[in-house]
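Structure first, then comments.
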Amino acid sequence: MRKKILHSIVTSRNVMRTLLIGVLILATVSITLAQDLIPAIEIQPGTNVEVGEEVYLSATGTTYPNATLLGKARYEWDFGDGYYHRFDPLVSTITRSGIAVTHYYMKSGTFTVTLKVTVWAEFDSAGNPVGSSLTTKTTARIINVTGEAPMAGFEIQRAPFHNRLAQYIYVQIPTAYQRNETALRVTLKGARGSSITLLSKSNLAAEERVFLDHKPLVQDDYVVIAELLNSGGARISGGLWRDKFSKRYSGIPKVGIDENNSFWVNGELFFPMGTYMTDASKMINTVDLAAVNMLHTEGYYPTHNPTTFGNYLDSAEAEGMSVIGPGRGDYPICAPPNRWQFNHNPDRIAEYVSLNKDKPAIFAWVWQDEPNMGGRAQKVYLPTMAAWLYVSHREDSQHPSFNNLYGPDWSKYYGTSPNLYDYLGSAQLFGGKKWTQDIFQFDIFPIKYRLHATLNFVDMGPYAAYLDALDRIHLNNKNFTPVIPAINPGADDGYQAGITHSAEQVYSEAWMNVIHGAKGIGWFQYFNPSTIRWAAMKKFADQMKVLAPVVLGPKPAISVTDNANTALNRVDTMIREKDGVVYVFAARVTEPDPIDGAKYTGVEPASITVSFKISGLTGSDSAEVVDEGRVRTVTDGKFTDTFAKNAVHIYKIAGVTTATLKAPAPRNLRATKK
């Protein structure tokens, strides 16, 4: 018994000694890990910038012994000017983090940028940290900003300068300087000494539009300068706005965007139509089945990296297709990527671009699908998305860059005001200056998800709700950039009545999007192959390949109206003119039949008769109905036609005097060169 007792005592002492050693080791490791977290800030273009100049801030130089935990770290930014990209200590709904961001300083001064990095050991299934952090460290750098802060209400609103062939710039005029002797002068100046006065006028409206043609500009660094001048020609204090950009090529870019937000590839108009994640081995089948000219997001490879994306681009070129991508790859710092996608590595993104930018098949860079989706702590906010685009543009000036957004955020379910991902709602994230991507792509599937709260309303059917959201996207982003919707022409688990697109719906939905301003179509053809409406996709593509030069042209001076503008009796239209021929595109907005759970219970009639009126046309004409083998008589611009459910009719009226139809060419009040 005594031996047993002694043995127990010795054993207990050994266990205690072991536990103490373990605790000491853990404590030592924790102290070591905390001491080894070294935050770092990289700043581009440098620490001396102008008011309103984009500043890129990256923390990819931060080091820590455990790379996986560092990839899941929280990176919070205090820009020193009263703006932050952080988890707000007072507002629980503000949860922003990102390993890289961009920012604008809208006043002069010396500002301290502070980066705080926090590392945790454990996370829940949503990627939220659990328990206390292992360590938190901060670092800071100084940025010097020179220039003059613009007065409140005075600003230039515009699309990104990247890849533009031409664009409109909108100058906002404060109320006190409208409709009086105050003058506005907008000048484009080049670093090599060029100077062009784009606009000079007085008696100013609340908004003044200026046309900027990029095509004739030589390779140079430029600044657009807007100035408010008093009656004596002196600049008014605060009446200054400067926007800088660089044109790093002569002539036009390989992929350009014109003032109508239409794409041009190698100098020719282009309407992209592409499927998602198509494997390289299936590219030719996709071309045959759907007549696509575009692929979106790299198809399957055992691993994804810059080399596999290059291989994918080569395969696409061999089939005569362009690519938007990569869309997925090894730039996520850790797995699973959808939890910490705000920490995508911009340095790896730069490698993707630099290695593949000269591949003939590349059309545009895209990095993340639906970055605005998920809980507040998982979303990627615009300043981090802007960092990805900054890197893309730095490495490649020939191709645009963007990310595909989760479209239901623009449903009226969430209200009608601009949200944080809209151009008009973005200033609060960027130091007071607005920002948008080169392209606005989104996904809303009005049939598949018709019972979702963002589409299921008492007062409108799912198609009306969808088109309402699409119009809001244009409105809240001032129609600054091309919009490309993603359409779902298939189903997950086979055909299900009421929530699977019919062929007629797929075809009609494509044209409805075009009529509402789409400049391309993405086909998300998943997930059950037997449900994919290939024939409808091909019918649309075959027509678009012929009509793209018409569709992508400017709005003419004339207009078309009709008498079908209410629910269950609705036809939406678009009018274009080319070479003396008038085209009217008309699609019946046909709500699907009611199903269990649907709040909208309206039932569409089998057909409706619609009367149209084209302004400015007199006498008798004939309207050919494209691809239907029939003709409608047009008298003084008026004609009628019948629309079955989901019908789309395209009318072609030839022999009309061109001078009557064309919209005035873009011009400014005065343009002078020096």
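The values are calculated or read from the model by the stated rules, or taken from the named source; none is laboratory data. Fair warning: this is a prediction, and the values are worked out from it, not measured in the lab. Backbone-built Cβ (ideal geometry, glycine too); neighbour counts: all protein chains shown. Surface areas here come from the heavy atoms of the whole protein model, side chains and all, with no ligands, DNA or RNA. Shrake-Rupley method; radii C 1.70, N 1.55, O 1.52, S 1.80 Å.
Select from segment 461-510 the residues that are over 30 Å from residue 553 (Cβ atoms), in contact with a Phe, Trp or Tyr (Cβ under 9 Å, 6 or more places away or on another chain) and hydrophobic (A, V, I, L, M, F, W, C) and list them in ascending order.
At the first step, the residues of segment 461-510 found to be over 30 Å from residue 553 (Cβ atoms) are 461-462, 490-500, 502.
Right, trim to in contact with a Phe, Trp or Tyr (Cβ under 9 Å, 6 or more places away or on another chain) and you get 461-462, 490-493, 499.
491, 499, listed by residue number.
Would you pick out the residues in segment 308-343 that are part of a helix (DSSP H, G or I) and in contact with a Leu (Cβ under 6 Å, 6 or more places away or on another chain)?
316
Might you let me know whether segment 519-534 holds any residue that is open to solvent by less than 10 Å² (accessible area, probe 1.4 Å), among the small types (Gly, Ala, Ser) and under 25 Å from residue 644 (Cα atoms)?
Checking segment 519-534: not a single residue is open to solvent by less than 10 Å² (accessible area, probe 1.4 Å), among the small types (Gly, Ala, Ser) and under 25 Å from residue 644 (Cα atoms).
Looking at (1) in contact (Cβ under 8 Å) with a residue 40 or more places away in the chain; (2) among the aliphatic types (A, V, I, L, M); (3) open to solvent by less than 10 Å² (accessible area, probe 1.4 Å); (4) over 21 Å from residue 257 (Cβ atoms), which is the only condition residue 183 fails?
Failed condition: (3).
Take segment 640-654 and flag every residue that is among the charged types (D, E, K, R) and within 23 Å of residue 464 (Cβ to Cβ).
Across segment 640-654, the qualifying residues are 641, 645.
Could you tell me which of the residues 573, 566 is closer than 26 Å to residue 621 by Cβ and without any contact (Cβ under 8 Å) to a residue 60 or more places away in the chain? Step through it out loud before you land on a result.
Values: 566 fails: closer than 26 Å to residue 621 by Cβ.
From the options 573, 566, the qualifying one is 573.
List every residue pair whose Cβ atoms sit under 7 Å apart, with the two residues 6 or more apart in sequence or on different chains, where the first one lies in segment 633-647 and is without any contact (Cβ under 8 Å) to a residue 24 or more places away in the chain and the second, anywhere, is open to solvent by less than 70 Å² (accessible area, probe 1.4 Å) and among the β-branched types (Val, Ile, Thr).
Listed pairs, sorted by first residue: 634/653.
What are the residues in segment 471-483 that are open to solvent by 10 Å² or more (accessible area, probe 1.4 Å) and in a helix (DSSP H, G or I), if any?
Selection gives 471, 472, 474, 475.
Which one of 282, 247 is of a type in the set (Lys, Arg) and either at positive phi or within 26 Å of the chain's Cα centre (by Cα) (or both)?
Values: 282 fails: either at positive phi or within 26 Å of the chain's Cα centre (by Cα) (or both).
None of the other options fit; the residue is 247.
Within segment 450-463, can one find any residue that is open to solvent by 30 Å² or more (accessible area, probe 1.4 Å) and either free of Cβ contacts under 8 Å to residues at least 40 places away in the same chain or touching a Pro at 6+ places or on another chain (Cβ under 8 Å) (or both)? Outline the logic, then answer.
First pass over segment 450-463, keeping only residues open to solvent by 30 Å² or more (accessible area, probe 1.4 Å): 451-453, 458-460.
Then drop every residue that is not either free of Cβ contacts under 8 Å to residues at least 40 places away in the same chain or touching a Pro at 6+ places or on another chain (Cβ under 8 Å) (or both), which leaves 452.
Yes, the conditions are met somewhere in segment 450-463.
Being touching a residue at least 60 places away in the same chain (Cβ under 8 Å), open to solvent by 20 Å² or more (accessible area, probe 1.4 Å), within 28 Å of residue 147 (Cβ to Cβ) and not basic (Lys, Arg) is the filter here, so list the residues in segment 82-127 that pass it.
83, 106
Check residue 359 against each of (1) more than 15 Å from the chain's Cα centre (by Cα); (2) open to solvent by less than 10 Å² (accessible area, probe 1.4 Å); (3) not β-branched (Val, Ile, Thr) and name the one condition it does not meet.
Checking residue 359 against (1) more than 15 Å from the chain's Cα centre (by Cα); (2) open to solvent by less than 10 Å² (accessible area, probe 1.4 Å); (3) not β-branched (Val, Ile, Thr), the one that fails is (2).
Considering segment 484-518 alone, what residues qualify as being open to solvent by 10 Å² or more (accessible area, probe 1.4 Å) and in contact with a His (Cβ under 9 Å, 6 or more places away or on another chain)?
516, 517
Exactly one condition in (1) part of a loop (DSSP other than H, G, I, E, B); (2) in contact (Cβ under 8 Å) with a residue 24 or more places away in the chain is not met by residue 513; state its number.
That leaves (1) as the condition not met.
Please count how many residues of segment 443-466 are acidic (Asp, Glu) and assigned to a loop (DSSP other than H, G, I, E, B).
The first filter runs over segment 443-466 and keeps only residues acidic (Asp, Glu), leaving 443, 459.
With the extra rule that they be assigned to a loop (DSSP other than H, G, I, E, B), the set shrinks to 459.
Residues that pass the stated criteria total 1.
If the requirement is being at pLDDT 95 or above and touching a His at 6+ places or on another chain (Cβ under 7 Å), which of these qualifies: 387, 364, 350, 427?
Details: 387 fails: touching a His at 6+ places or on another chain (Cβ under 7 Å); 350 fails: touching a His at 6+ places or on another chain (Cβ under 7 Å); 427 fails: touching a His at 6+ places or on another chain (Cβ under 7 Å).
Within the list 387, 364, 350, 427, the selection yields 364.
Quick one: residue 576 ticks every box in (1) crowded, with 19+ Cβ neighbours inside 10 Å; (2) in contact with a helix residue (DSSP H, G or I) (Cβ under 8 Å, 6 or more places away or on another chain); (3) part of a loop (DSSP other than H, G, I, E, B) bar one, so which box is it?
For residue 576, the exception is condition (3).
Of the residues that sit in segment 419-442 and are assigned to a strand (DSSP E or B) and of a type in the set (A, V, I, L, M, F, W, C), which one is farthest from the chain's Cα centre (by Cα)?
Of all residues in segment 419-442, those assigned to a strand (DSSP E or B) come to 440-442.
Okay, now just the ones that are also of a type in the set (A, V, I, L, M, F, W, C), so 440, 442.
Values: 440: 3, 442: 7 Å.
Residue satisfying both the conditions and the ranking: 442.
Go through segment 213-252 residue by residue and tally those that are in a loop (DSSP other than H, G, I, E, B), open to solvent by 30 Å² or more (accessible area, probe 1.4 Å) and not aliphatic (A, V, I, L, M).
Restricting attention to segment 213-252, the residues satisfying the condition of being in a loop (DSSP other than H, G, I, E, B) are 214-219, 230-234, 248-252.
Still in the list and also open to solvent by 30 Å² or more (accessible area, probe 1.4 Å): 215-216, 218-219, 230-234, 248, 250-252.
Within this subset, residues satisfying the condition of being not aliphatic (A, V, I, L, M) are 215-216, 219, 230-233, 248, 250-251.
Result for segment 213-252: 10.
Quick one: which residue in 295, 269, 289 is part of a helix (DSSP H, G or I) and either among the aliphatic types (A, V, I, L, M) or crowded, with 22+ Cβ neighbours inside 10 Å (or both)? Write out each step before concluding.
On the way: 295 fails: part of a helix (DSSP H, G or I); 269 fails: part of a helix (DSSP H, G or I).
The match here is 289.
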